[in-house]
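The values are calculated or read from the model by the stated rules, or taken from the named source; none is laboratory data. Keep in mind that what you see is a predicted model, and the values were worked out from it rather than measured. Every residue, glycine among them, receives a Cβ derived from its backbone with ideal geometry; neighbour counts consider all protein chains shown.
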Amino acid sequence: MRLSRPAAWLAAAFCAVLRVMPALAATPWTVTRLMQALAQVKSVSGRFEERQTLHMLNAPLVSTGTLSYRAPDQLQKITFSPFPERFVLEGDRVTMVSGPDQQIHSFTLAEYPEIGGLVEGIRATLAGDLLTLDRYYALLLTGDAANWQLLLRPKSAGLTRFVKWIRIVGSENRISAIDTEESDGDRSEMSIVEDVHNAG
Amino acid sequence: MFTMQARRVALGVWLLAVIVCIVIIARTRLETDMTAFLPRSASLAEQVLTEQVTRGVAARLILLGIEGAPPATLAALSKSLAARLRRQIAFAYVANGDDASLTGTRDYFWRNRYLLSPGVVADRFTIPGLHAALQEDLGLLGSDLGALIKGSLPNDPTGEMLSLSQRLARSPRPRSQDGVWFSAGGRRALLLVYTRAAGFDIDAQQAALAQIHAAFQDSRRTVSGAAAVRLVESGPAVFAVQTRATMKRDATRFSLLATAVVTALLVYAYRSARVLVLSLLPVASGALAAVAAVSLGFGFVHGITLGFGVTLIGESVDYAIYLFTQTMHGDSAAATLARIWPTLRLGALTSIVGFSAMLFSDFVGFAQLGLFSITGLVAAAGVTRFVLPDLTPPDFFATGAGVLARPLLVVMSRRQWLRPAVALLVLAASVVLLAHRGGFWDEDLTKMSPIPAAEQRLDQALRHEAGVPDLRYFVVFRRSGEQVALAESEAAAALLERLVATHTLGGFDVPSEILPSDRTQRKRRATLPDAGELRARFALALAGLPFRPGIFAPFFRDTAATKRARLLTRADLPAPLRLQFDSMLFERDDGWNVVAPLTDVADPKRIVASLAASGQQGLTFVDIHQESDRLLHTYQREATLLASIGSLAIVILLFIGLRAPARVAFVVAPLAASVIVTAALLTLNGGRLSIFMVVGFLLIVAVGSNYCLFFERLYHTPESQRRSVASIVLANLCTVSAYGLMSLSGIPVLHDIGVTVAAGTFLSLIFAAIVSVRVPLERLVGGEAPHSLAGPP
């Protein structure tokens with residue numbers, strides 16, 4: 001719908017960008033261009049390694065697995081170690097298979113804002129969906145096309161209760177890292193090596 | 001024929017009786033509880049059906065949908081409406097998916113998790129058990145669920161809340177958007193409202209709906225951009241209120257119309273206002289006496305008895321018609337009465353005998369109808385006999401009645417030729433009935449339901465969107481005490497859990513999940529180690545795991561609090577859980593019934609087999625659809641049986657009253673013929689008979705027997721016979737127009753009875769005129785041409 005009306009979309013996006021970060025609006029590598037580049041990606045998947053530093057634990061937790069995205073709204077994270085787990089987001093429904101008995105949990109993003117805000121931020125970035133991103137987060141883009149960093153800071157008090165910030169690092173339309181810090185100080189650093197990239 | 005004194009006594013007795021009846025009626029309790037129309041010897045399964053229909057939580061549910069605006073506007077309206085409704089005493093629980101609708105339940109389970117969770121077993125609190133739990137926690141913490149459990153982990157390292165909420169989440173929930181429940185696509189915001197009043201209390205339900213409408217209007221005014229928003233509603237209460245309103249509207253409309261038509265007919269026939277009023281005296285007195293008698297006999301009067309009963313004693317309008325119309329010039333009403341009384345008495349008796357079979361019914365409702373009609377007809381006949389003659393103007397003659405009778409007199413004069421035609425018609429009707437395929441009974445319950453198909457579809461849609469399961473299957477049992485019942489519920493839950501594991505069913509609810517038995521609660525409380533012991537074990541269980549020391553202090557605090565806490569009782573339940581609990585466990589007749597709803601049942605037979613094999617006593621599997629079908633069959637059987645016994649009793653009475661088999665045959669033949677032909681007409685083109693039509697058949701016999709008796713008797717003069725025919729025609733015109741108008745109603749009960757009685761009594765009139773008359777034609781016609789028969793001599 002949005003793509004079928006590119007003019008309207010561009011205008012809306014432009015306004016959003018002007019409002020969000022007027023200082024950067026004039027520089028050549030803009031959030032708008034980044035989003036356009038990311039929106040080109042139809043599907044992508046890669047291996048990840050996640051390193052979590054949690055306040056309850058005195059040692060970091062490291063997990064590995066694969067991450068994949070398919071436009072417009074499918075996100076899948078499969079963890080191999082240390083415990084097998086599967087996380088699938090489709091539309092606004094999350095299906096998780098986890099735990100020792102591989103129990104299935106199903107819920108919508110709106111039901112669990114603890115997860116919802118975070119997941120929505122990452123997915124909107126992958127989708128190049130500036131409107132959604134702008135609704136939830138204040139955006140700050142640094143670096144250039146070859147090596148950029150997009151910082152997301154939640155706008156609403158509700159989201160601030162759970163997420164302090166999300167930082168996405170990449171080059172052109174490829175993403176190489178997603179780091180997050182939650183409000184209680186817990187941090188996660190995830191590095192991604194893409195192996196299938198379809199920007200058709 | 002009476003002395004002046006005797007007349008005064010009769011009038012005085014009547015007035016006194018009317019006053020007594022009014023006093024009794026003023027103190028009468030009117031009930032609309034459907035249980036009166038359930039068998040007195042109800043099985044547990046039938047009780048479950050009634051409980052669900054009347055008192056259960058499902059019957060208190062009103063489903064609301066708000067639509068016609070963007071989701072944000074609908075969400076704001078939903079929150080505003082819910083807030084308003086929660087302030088009102090009429091609603092036990094209002095859920096729209098916001099925090100307020102969920103926190104009560106969540107808090108209850110969270111605070112009492114160590115008494116409620118089946119995970120609280122001794123093994124779990126040993127050093128290896130705690131170590132395993134902590135290892136699971138570590139896995140979860142690193143997973144994507146980590147953010148969810150992080151907050152509760154310091155309080156709940158053994159994951160009791162997680163296992164409780166997994167059980168709770170088994171029932172489907174609507175999706176949330178902007179903090180409230182929505183249908184897919186965000187088209188409709190959804191609310192579930194539970195009334196405090198029971199489902200059968202239609203007055204209270206109507207008031208609750210009015211409160212909802214008012215609150216919605218207020219909310220719409222306060223939320224901007226909501227002017228075009230609509231409220232849609234469904235649920236048993238909505239249906240009950242709508243049905244009653246439609247019934248009331250139709251009944252009022254058609255009885256007003258019928259009154260107008262009957263009044264016009266009587267005005268034309270009598271041309272006297274006083275006699276017009278007098279003609280209502282028997283039926284009105286009969287109704288008063290009937291209500292009073294039922295009130296005395298049963299302690300209450302059912303709404304259905306009242307509505308149906310008046311229909312049953314409607315023939316008493318005819319009594320006055322027979323008296324007034326058969327009074328001849330120069331004749332007094334008293335003399336006329338003396339002449340026709342034997343016939344009138346026998347006619348009234350046949351109806352009384354016909355209806356009396358209902359007295360012995362297993363259904364309180366039918367028994368009430370029996371007493372109602374018997375008392376009503378006795379009183380009406382009594383008033384006709386002892387009160388009416390003295391109130392009738394001395395020179396009264398029903399001037400207009402004669403004209404009405406002319407067409408029938410023509411039929412009667414040709415009756416020798418018409419008799420074979422009747423025989424042929426009955427033969428054809430019999431062929432139609434015999435050739436009828438696929439059963440005579442209408443077994444589709446929805447066709448008996450007065451709820452329009454569009455409303456039923458909306459109900460389905462709202463239920464689906466709101467995730468309200470279709471409660472069809474239940475496991476039920478009965479125990480002597482509350483605690484025994486709860487203990488049995490725990491055993492049943494274990495059994496059902498195994499069936500869920502094998503996908504025989506999707507899920508279930510039992511009362512013990514909300515409130516375990518005291519014994520289980522005590523056991524769980526005792527399972528928790530003392531504070532010192534727990535700390536010691538926990539410290540050892542933490543060995544080798546990366547948890548920071550000291551973060552689990554809330555866990556020791558909460559377990560210690562549970563060790564000190566008293567046991568949970570029903571009073572501790574938050575509103576939504578109490579609602580659910582009370583509909584699953586309730587006391588009836590010195591016993592405690594447990595009703596556990598099952599959802600997504602894949603294989604009913606396997607559940608029955610598993611229950612039987614379990615060795616647990618008295619666990620019954622109930623399929624509500626099957627039960628209601630069976631109940632319908634019971635009704636059909638009961639109605640047919642009562643109608644058959646009633647008809648047989650009438651024949652026996654006729655033998656006693658007429659004393660000659662030939663005469664009985666003249667009376668019974670037209671009645672049988674009209675019932676057969678009416679049944680054939682109703683089932684033509686594959687039509688089916690409803691239970692209401694059977695009631696109609698009994699009415700045909702009750703009303704029609706009067707016609708036959710008046711046709712069959714001998715008259716001293718042709719004129720008295722002509723007056724008799726005129727009275728029958730007038731009576732029949734009133735009956736046919738009243739019931740004919742009723743048949744125009746879209747409500748099945750009104751339509752079915754209306755069409756059956758209108759057609760059947762009209763046929764009775766024609767058939768009786770052709771078959772029952774025994775006197776030779778010459779005597780009847782009296783040498784005059786038929787067209788002048790109706791005039792004065």
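Could you please give the count of residues in the range B:256-282 that are crowded, with 16+ Cβ neighbours inside 10 Å and of a type in the set (S, T, N, Q)?
Of the residues in that region, 2 qualify.
Determine which single condition B:Ala92 fails, assuming it passes every other condition in (1) small (Gly, Ala, Ser); (2) under 35 Å from the mean Cα position of the chain (by Cα); (3) assigned to a helix (DSSP H, G or I).
So B:Ala92 meets the others, but not (3).
What tally of residues in the range B:121-152 results from selecting those that are assigned to a loop (DSSP other than H, G, I, E, B), more than 7 Å from chain A (Cβ to nearest Cβ) and among the hydrophobic types (A, V, I, L, M, F, W, C)?
1
Residues in the range A:56-91 that are among the charged types (D, E, K, R) and either farther than 30 Å from B:Gly185 by Cα or crowded, with 18+ Cβ neighbours inside 10 Å (or both): how many?
Filtering the range A:56-91 for residues among the charged types (D, E, K, R) gives A:70, A:73, A:77, A:85-86, A:90.
Narrowing further to those that are either farther than 30 Å from B:Gly185 by Cα or crowded, with 18+ Cβ neighbours inside 10 Å (or both): A:77, A:85.
Going through the range A:56-91 one residue at a time, the tally reaches 2.
Counting only residues that are within 14 Å of another protein chain (Cβ to nearest Cβ) and of a type in the set (Lys, Arg), how many does the range B:166-225 have? Full working, then the answer.
Filtering the range B:166-225 down to residues within 14 Å of another protein chain (Cβ to nearest Cβ) leaves B:166-186, B:189-190.
Narrowing further to those that are of a type in the set (Lys, Arg): B:167, B:170, B:173, B:175.
Residues meeting the conditions: 4.
Take the residues in the range A:46-98 that are touching a His at 6+ places or on another chain (Cβ under 9 Å) and among the hydrophobic types (A, V, I, L, M, F, W, C), then tell me which one is nearest to the other protein chains (Cβ to nearest Cβ). Explain how you work it out, then say what you get.
Residues of the range A:46-98 that are touching a His at 6+ places or on another chain (Cβ under 9 Å), as a first pass: A:46, A:94-98.
Next cut, among the hydrophobic types (A, V, I, L, M, F, W, C) only: A:94, A:96-97.
Numbers: A:Val94: 8, A:Met96: 6, A:Val97: 10 Å.
Applying the filter and picking the extreme gives A:Met96.
Do any helices (runs of 4 or more DSSP H) entirely within the range B:659-755 hold 1 or more residues that are assigned by TED's automatic domain parsing to the domain that holds B:Leu648 and under 20 Å from B:Phe324 (Cα atoms), and if so, which? Can you show your working first?
On the way: elements: B:661-683, B:691-712, B:718-742.
Helices (runs of 4 or more DSSP H) meeting the threshold: B:691-712, B:718-742.
Does B:Asp362 qualify as being touching a Pro at 6+ places or on another chain (Cβ under 8 Å) and among the charged types (D, E, K, R)? Talk me through it step by step, then tell me what you get.
Numbers: touching a Pro at 6+ places or on another chain (Cβ under 8 Å): yes; among the charged types (D, E, K, R): yes.
Taking the combined requirement at face value, the residue satisfies it.
When the residues of the range A:109-136 are narrowed to those that are of a type in the set (A, V, I, L, M) and within 14 Å of another protein chain (Cβ to nearest Cβ), which ends up nearest to A:Arg174 (Cα to Cα)?
The initial filter retains those residues of the range A:109-136 that are of a type in the set (A, V, I, L, M), namely A:109-110, A:115, A:118-119, A:122, A:124, A:126-127, A:130-131, A:133.
If we keep only those that are within 14 Å of another protein chain (Cβ to nearest Cβ) too, we end up with A:109-110, A:115, A:118-119, A:122.
Values: A:Leu109: 25, A:Ala110: 28, A:Ile115: 24, A:Leu118: 20, A:Val119: 18, A:Ile122: 13 Å.
The qualifying residue nearest to A:Arg174 (Cα to Cα) is A:Ile122.
Could you figure out which of (1) at pLDDT 90 or above; (2) assigned to a helix (DSSP H, G or I) isn't true of B:Thr158?
B:Thr158 satisfies all of (1) at pLDDT 90 or above; (2) assigned to a helix (DSSP H, G or I) except (2).
Right, B:Pro511: touching a strand residue (DSSP E or B) at 6+ places or on another chain (Cβ under 6 Å), at negative phi and surrounded by 22 or more Cβ atoms within 10 Å (Cβ to Cβ) or not? First the steps, then the outcome.
Values: touching a strand residue (DSSP E or B) at 6+ places or on another chain (Cβ under 6 Å): yes; at negative phi: yes; surrounded by 22 or more Cβ atoms within 10 Å (Cβ to Cβ): yes.
Considered against the rule, which asks whether it is touching a strand residue (DSSP E or B) at 6+ places or on another chain (Cβ under 6 Å), at negative phi and surrounded by 22 or more Cβ atoms within 10 Å (Cβ to Cβ), B:Pro511 comes out as yes.
Give me the helices (runs of 4 or more DSSP H) completely within the range B:468-565, filtered to those with at least 2 residues that are within 46 Å of the chain's Cα centre (by Cα), ordered by residue number. Talk me through it step by step, then tell me what you get.
On the way: elements: B:482-501, B:511-514, B:518-527, B:531-541, B:553-564.
The helices (runs of 4 or more DSSP H) meeting that bar are B:482-501, B:511-514, B:518-527.
Residue by residue through the range A:155-185, note down the ones that are closer than 15 Å to A:Ala138 by Cα, in a strand (DSSP E or B) and more than 14 Å from chain B (Cβ to nearest Cβ).
Those that are closer than 15 Å to A:Ala138 by Cα, in a strand (DSSP E or B) and more than 14 Å from chain B (Cβ to nearest Cβ): A:Trp165, A:Arg167, A:Ile168.
Within the range B:111-120, is there a residue that is surrounded by fewer than 16 Cβ atoms within 10 Å (Cβ to Cβ) and in a helix (DSSP H, G or I)? Quick ask: steps written out before the conclusion?
To start, the set of residues in the range B:111-120 that are surrounded by fewer than 16 Cβ atoms within 10 Å (Cβ to Cβ) comprises none.
Looking through the range B:111-120, none of the residues is surrounded by fewer than 16 Cβ atoms within 10 Å (Cβ to Cβ) and in a helix (DSSP H, G or I).
Output the number of the condition that A:Leu38 fails; it satisfies all remaining conditions of (1) away from every other protein chain (no Cβ under 13 Å); (2) at pLDDT 90 or above; (3) buried (at least 16 other Cβ atoms within 10 Å of the Cβ); (4) not in a helix (DSSP H, G or I).
Only one criterion is unmet by A:Leu38, namely (4).
Pull up the range A:114-129, narrow it to residues that are touching a Ser or Thr at 6+ places or on another chain (Cβ under 9 Å) and of a type in the set (D, E, K, R), then point me to the one that is surrounded by the fewest Cβ atoms within 10 Å (Cβ to Cβ).
Restricting attention to the range A:114-129, the residues satisfying the condition of being touching a Ser or Thr at 6+ places or on another chain (Cβ under 9 Å) are A:116-118, A:120-124.
So of that shortlist, the ones also of a type in the set (D, E, K, R) come out as A:120, A:123.
Numbers: A:Glu120: 23, A:Arg123: 19.
Filtering the range A:114-129 for residues that are touching a Ser or Thr at 6+ places or on another chain (Cβ under 9 Å) and of a type in the set (D, E, K, R), the one surrounded by the fewest Cβ atoms within 10 Å (Cβ to Cβ) comes out as A:Arg123.
For the range A:130-144, what are the residues that are surrounded by fewer than 20 Cβ atoms within 10 Å (Cβ to Cβ) and either touching a residue at least 24 places away in the same chain (Cβ under 8 Å) or not in a helix (DSSP H, G or I) (or both)?
A:Leu131, A:Ala138, A:Leu140, A:Thr142, A:Gly143, A:Asp144
Out of B:Ala493, B:Ala485, B:Ala501, which single residue is surrounded by fewer than 18 Cβ atoms within 10 Å (Cβ to Cβ) and hydrophobic (A, V, I, L, M, F, W, C)?
Working: B:Ala493 fails: surrounded by fewer than 18 Cβ atoms within 10 Å (Cβ to Cβ); B:Ala485 fails: surrounded by fewer than 18 Cβ atoms within 10 Å (Cβ to Cβ).
Just a single option satisfies the conditions, and that option is B:Ala501.
Can you go through B:Phe355, B:Phe363 and tell me which one is touching a Gly at 6+ places or on another chain (Cβ under 8 Å), buried (at least 19 other Cβ atoms within 10 Å of the Cβ) and touching a residue at least 24 places away in the same chain (Cβ under 8 Å)? Reasoning before the result, please.
Numbers: B:Phe363 fails: touching a Gly at 6+ places or on another chain (Cβ under 8 Å).
The match here is B:Phe355.
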